[in-house]
Amino acid sequence: MVTTLAIDCGGGGIKASVLDEAGTMRTRPLRVPTPYPLPTSLFVKTLLDLGAQLPPADRVTVGLPGMLR
């Protein structure tokens, strides 16, 4: 089974979960408030910290629907 670490970044929170091939959540989603301000280094650290709390995945997708400040 191929799994995906799916991360959704929004102005209010950054959410992450591991999905199976059908897109079904295999883990309970995690959420942290979006830090402000959010320089690139803190953004990357936040994503790595979330990913480290979840089971290993075969691939990663990160959704950014708009600008994060």
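The values are calculated or read from the model by the stated rules, or taken from the named source; none is laboratory data. Remember, it's a predicted structure, so these values are computed and weren't measured experimentally. A quick note on method: Cβ atoms are made from the backbone with ideal geometry, for glycine too, and the neighbour counts reach across all protein chains shown. To get the accessible areas, we keep the full protein, side chains included, count just its heavy atoms, and leave off ligands, DNA and RNA. Shrake-Rupley method; radii C 1.70, N 1.55, O 1.52, S 1.80 Å.
Values computed for the structure shown
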read-out	value
Within the stretch 8-23, considering residues that are open to solvent by 30 Å² or more (accessible area, probe 1.4 Å) and hydrophobic (A, V, I, L, M, F, W, C), the one nearest to the chain's Cα centre (by Cα)	19
From 31, 26, 59, residue being out of contact with any helix residue (DSSP H, G or I) (no Cβ under 7 Å at 6 or more places or on another chain), surrounded by 14 or more Cβ atoms within 10 Å (Cβ to Cβ) and either touching a residue at least 24 places away in the same chain (Cβ under 8 Å) or polar (S, T, N, Q) (or both)	26
Every residue from the stretch 34-56 that is of a type in the set (Val, Ile, Thr) and open to solvent by less than 50 Å² (accessible area, probe 1.4 Å)	34, 46
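Okay, residues lined up against (1) at pLDDT 95 or above; (2) of a type in the set (D, E, K, R); (3) touching a Cys at 6+ places or on another chain (Cβ under 9 Å):
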{"position": "5", "(1), (2), (3)": "yes, no, no"}
{"position": "15", "(1), (2), (3)": "yes, yes, yes"}
{"position": "18", "(1), (2), (3)": "yes, no, no"}
{"position": "42", "(1), (2), (3)": "yes, no, no"}
{"position": "47", "(1), (2), (3)": "yes, no, yes"}
{"position": "50", "(1), (2), (3)": "yes, no, no"}
{"position": "58", "(1), (2), (3)": "yes, yes, no"}
